[in-house]
Every structure is written in structure tokens, then in C-alpha cells.
Amino acid sequence: MTTDNQRSSSTPLVKRGLAEMLKGGVIMDVVTADQAKIAEDAGAVAVMALERVPADIRAQGGVARMSDPDLIDAIIDSVSIPVMAKARIGHFVEAQILQSLKVDYIDESEVLSPADYVNHIDKWGFEVPFVCGATNLGEALRRITEGAAMIRSKGEAGTGDVSEATKHIRTILGQIRALAAKADDELFVAAKELQAPYELVKEVAKTGKLPVVLFTAGGVATPADAAMMMQLGADGVFVGSGIFKSGNPEARAAAIVKATTNFDNPDVLAEVSRGLGEAMVGINVADLPAPHRLAERGW
Amino acid sequence: MGPIGVLALQGDFREHLAILDGLGIPNRKVKLPEELIGISGLIIPGGESTTIEKLSHINGLYAPIRELIHAGMPVFGTCAGLILLANKITDGILGQVGFGGLDVEVKRNAFGSQLDSFEAKIPFFDYEVAAAFIRAPIVLEARDSVEVVSRLVTGEIVGVQSGNILGISFHPELVGESRVHSYFIEMCKKADFYAKL
């Protein structure tokens with residue numbers, strides 16, 4: 001046992017590695033240290049620290065930004081599980097601040113108001129890993145090209161309507177299946193159509209999966225919603241407003257954790273769906289005018 | 001020899017199954033108690049130790065796994081798995097008690113936040129193996145009955161074995177490193193264990 005152990009930090013493997021450890025788990029939005037503790041006690045694998053949950057951002061309007069560092073510090077101090085926090089799309093200085101606060105992951109998120117309508121953050125320039133949203137495979141691959149170490153399908157945050165989450169995870173995984181079925185000489189034009197680098201497109205076609213972990217998000221409000229996302233092929237689930245905007249957050253959080261692990265067992269799903277009190281009220285995405293759809297932020 | 005089980009409640013269990021597949025070893029996901037029957041050993045993967053422990057209670061696996069470890073079933077934990085096999089956990093959440101069995105004290109997130117995660121080549125017995133440390137724990141204190149099998153040059157204990165129990169802080173499965181698994185498979189062959197409930 002005398003071998004040298006030169007340590008390499010922040011390599012793509014190390015950045016993607018934490019997301020690998022979160023698979024099969026639930027990441028919960030929290031706005032206070034108390035909520036973070038409730039999430040941890042319910043079995044969350046990580047928490048997302050933010051100032052307002054998407055349902056409130058939607059209701060109150062205005063510009064949504066990175067959270068106050070005091071709040072993020074308080075949440076980091078209150079739990080032992082990983083803490084993620086959101087930066088605005090393209091806002092690399094918010095990301096620098098979050099890295100300085102030692103969050104475990106940064107979510108470059110369409111839930112906040114974009115800071116740059118052209119460029120996303122150059123995520124290779126950071127030591128901390130990033131998760132980014134995507135509505136389709138091309139978008140996911142562009143984010144990975146920019147350095148994202150984890151992808152989440154966007155869904156439509158703050159609605160409690162799971163239909164957009166379903167659409168986005170089906171689209172991403174369906175496009176991967178279509179790519180895997182293509183002949184080698186068809187991949188050049190596939191890369192053009194996906195607006196993604198050929199090398200990455202070729203890799204996905206060969207392996208039949210993204211090179212990073214793929215979670216789902218945006219509208220998951222019940223244990224059944226979470227289990228459906230897992231059956232559709234997501235690696236795990238983000239739950240935003242669905243928990244702390246519901247009647248009984250403790251019970252609902254624990255039930256969604258149980259459902260995510262036992263996603264293929266309807267008997268367990270029936271059991272954990274009982275007596276959870278009121279789900280978040282919810283907004284039908286079809287009733288949302290286009291300017292209020294968050295998933296269309298980012299490109 | 002029966003299949004090797006991989007606890008599949010949460011975490012990177014697929015990577016462990018892939019290493020076993022690559023070595024041609026029969027394997028099985030374990031999510032429910034009846035899936036323990038007939039296994040010759042159990043791998044507890046990386047993930048969140050707090051989450052895996054809670055889910056093991058919910059799915060009725062906590063008591064059977066404890067009993068099987070006590071009965072001599074070979075068991076191998078990586079990262080969260082090491083935490084769950086330690087008799088004493090430092091920096092756990094209130095009431096966190098793992099399966100236990102290893103007479104060691106383990107400190108969670110011992111290197112710091114994700115920014116302090118790293119990959120390195122490290123010793124494992126006489127081999128040098130590739131390893132990823134992701135918000136990894138370390139062994140603070142190991143009793144005499146526990147053999148230290150991996151240590152960083154900076155001194156931290158990151159791998160231990162005590163009889164039928166092997167625990168490491170790192171993830172060979174994330175980097176396609178199979179020699180630690182090969183060692184565990186040899187442990188299972190020697191023990192010739194058949195799990196009964």
C-alpha cells in the first residue's frame with residue numbers, strides 16, 4: 001500500500017459521478033432549512049435550495065433570481081445530503097457565487113428568469129457540476145456539450161400538471177431509440193438535425209443512452225406521477241412545488257420517495273397513494289398562455 | 001454458487017450489476033425480501049445512505065439483511081454501502097443506524113462537499129486500483145478485528161475487511177474497475193453461503 005494517489009478533482013467522471021449516486025432517488029425543492037430537514041427525513045437524495053418554489057414564482061411574477069447566500073448556507077448547514085441551487089440561464093456570475101458557497105450541484109434553470117437569451121453558461125469553466133433542463137435530445141446534447149454533468153427533462157414547473165414532463169421524457173428517450181436504430185452513414189445528418197456535435201450523437205447512437213444521468217422534472221405532484229416517470233425510463237425525479245404546496249408535505253414527500261423506488265410495483269403504489277391529503281392545486285398547461293411557459297426558456 | 005445480489009433500492013446499483021455481468025457472474029437485483037433467498041453474497045451500492053436505510057425498512061429488507069450478515073453472508077459495501085455496514089456512524093442524521101457488522105467508526109462526507117470529490121489510483125491489498133471518491137466517507141477508527149485493505153497516502157483508511165464483510169469508501173464500479181469485485185467473488189466462493197429467510 002505505497003502507491004501514489006495523485007487526486008484529480010472536478011473531472012467529468014467526478015462531476016457526473018455524483019449524479020450516478022442520486023439515481024433512483026427524489027430531489028426536492030426547499031425554500032427554508034426546516035423544509036430541507038423534512039425532505040432529508042423523508043428520504044430525499046438531495047435538496048434544491050431556492051427562494052420561491054415555481055408555483056409561487058408563477059403566481060407572484062416578476063424576475064426570479066438566485067437565492068440569498070444566507071439561505072443557501074442555512075440549508076447546507078441543516079442537512080447531510082447534497083444541496084443543489086439554481087442560477088439563471090447564462091448568469092455565470094450567479095454560478096460563480098454558488099460555487100463559492102460550495103453547493104454540490106448548480107441547476108442552470110429555466111424556472112428563474114434567463115439572464116442571457118443567446119448563450120448558456122460555459123459549464124466547463126467551473127469545478128462544481130451542473131444540471132440543465134432539456135425538452136428534447138438536441139437540447140440535452142447541446143447542454144452536455146457546454147459541460148452539463150446531468151440532464152433533467154423540463155416539464156412545466158409549478159403547474160402540478162405532469163403532461164409536459166411526460167412529453168419531454170418521452171421525446172428525449174424516443175429520439176435516443178430512433179438514433180440507435182440508424183445506420184452509421186445516417187448519423188451525420190442526424191447530428192445536423194439535432195443541432196448537436198457529431199461525436200456526441202455517434203456516442204449516443206452506439207450506447208443507446210445519454211453519457212450523463214437523466215432525471216425528470218416539472219409537474220410531478222403525486223406518487224403515481226413519480227412512478228410513471230420511472231416506468232418511462234427516467235433515472236430519478238425532481239419534485240418542486242408538488243411537496244411543500246400540498247396539504248401534508250411530510251407524508252407526500254415520503255410517499256413519493258417510496259413510489260420512486262417501487263415504481264414497478266402497483267400494490268406498493270396503491271398503498272403509498274392513500275390518505276396523503278390534498279395535492280397541490282395545479283394549473284393545466286393548456287390554459288397557460290405561451291409567454292408563461294417556462295419550458296420554452298432555453299434552446 | 002448462487003447469484004450475487006445487488007441491493008437495488010437507490011443509487012448506482014446498475015453499475016455493480018454491469019461489473020458482475022462483465023465478469024460472467026450470475027447476479028440479481030434485490031428490492032424485496034424474497035429476492036434475498038438463494039443469493040451467495042450481497043453488494044450494497046453507492047447512493048445516499050440515509051435514503052437507502054429508510055427504504056430498506058419500508059421494503060422489509062432491514063431485519064433480514066442484518067440477520068444474514070450476522071449469519072455469515074458475504075457482503076460488500078461501496079461508499080454509502082460502507083456507511084451502512086459500519087457499527088458506528090459519525091455525522092449521520094438523527095437515528096441513523098445501518099445494518100452494521102463492521103466494527104469501525106465511519107465519518108460521512110469526510111472530504112467535504114462535491115468540490116472535494118476526486119478520482120485516484122489507490123492500493124487495494126497488493127493491487128493498485130482505479131477509484132472515484134464521491135462525497136466519500138472514511139474509516140476513522142478500526143478495531144483490531146478489522147483489517148485495513150486500502151489507505152490513501154495521506155493516511156485515511158478507505159477500505160476494510162472483517163471476516164465476511166468488505167467495505168470501501170470509493171467506487172470501482174464507476175470507472176469499470178473489476179478487481180475489487182473479483183476479490184469479493186472469491187470471498188463468496190469460499191463462504192459458499194446460501195441465503196435463507
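Is it the case that some residue within region A:66-73 is away from chain B (no Cβ under 14 Å), under 22 Å from A:TRP299 (Cβ atoms), polar (S, T, N, Q) and surrounded by 19 or more Cβ atoms within 10 Å (Cβ to Cβ)? No, there is no match, as no residue in region A:66-73 is away from chain B (no Cβ under 14 Å), under 22 Å from A:TRP299 (Cβ atoms), polar (S, T, N, Q) and surrounded by 19 or more Cβ atoms within 10 Å (Cβ to Cβ).
Among the residues making up region A:218-265, those that are over 24 Å from A:GLY133 (Cα atoms), within 14 Å of another protein chain (Cβ to nearest Cβ) and either open to solvent by 10 Å² or more (accessible area, probe 1.4 Å) or not hydrophobic (A, V, I, L, M, F, W, C) (or both) are A:GLU250, A:ALA251, A:ALA254, A:LYS258, A:ASN262, A:ASP264, A:ASN265.
Would region B:33-47 turn up any residue that is of a type in the set (D, E, K, R) and either in contact with a strand residue (DSSP E or B) (Cβ under 8 Å, 6 or more places away or on another chain) or open to solvent by less than 10 Å² (accessible area, probe 1.4 Å) (or both)?
Yes, the conditions are met somewhere in region B:33-47.
Hey, can you tell me all the residues within region B:117-129 that are touching a strand residue (DSSP E or B) at 6+ places or on another chain (Cβ under 8 Å) and more than 7 Å from every other protein chain (Cβ to nearest Cβ)?
The answer is B:PHE124, B:PHE125, B:VAL129.
Only helices (runs of 4 or more DSSP H) whose full extent lies in region A:120-203 are considered here, and the ones with at least 2 residues that are of a type outside the set (Val, Ile, Thr) and buried (at least 23 other Cβ atoms within 10 Å of the Cβ) are A:137-145, A:163-180. Per the conditions (1) part of a helix (DSSP H, G or I); (2) open to solvent by 10 Å² or more (accessible area, probe 1.4 Å), the sole criterion not satisfied by A:LYS209 is (1). Within region A:10-65, being open to solvent by 30 Å² or more (accessible area, probe 1.4 Å), aliphatic (A, V, I, L, M) and within 13 Å of chain B (Cβ to nearest Cβ) holds for A:LEU13, A:ILE38. Does B:LEU84 satisfy being away from chain A (no Cβ under 13 Å), open to solvent by less than 10 Å² (accessible area, probe 1.4 Å), within 21 Å of A:VAL257 (Cβ to Cβ) and among the hydrophobic types (A, V, I, L, M, F, W, C)? When the stated conditions are applied, B:LEU84 passes them. In region B:87-108, what count of residues is obtained for those that are at the interface with chain A (Cβ under 7 Å from one of its Cβ atoms) and open to solvent by 40 Å² or more (accessible area, probe 1.4 Å)? Matching residues across region B:87-108 total 1.
The values are calculated or read from the model by the stated rules, or taken from the named source; none is laboratory data. None of the values given here were measured: they were computed from a predicted structure. So basically every Cβ, Gly included, is an ideal-geometry build from the backbone, and we count neighbours across all protein chains shown. The area values use the complete protein model at the heavy-atom level, side chains included, leaving out ligands, DNA and RNA. Shrake-Rupley method; radii C 1.70, N 1.55, O 1.52, S 1.80 Å.
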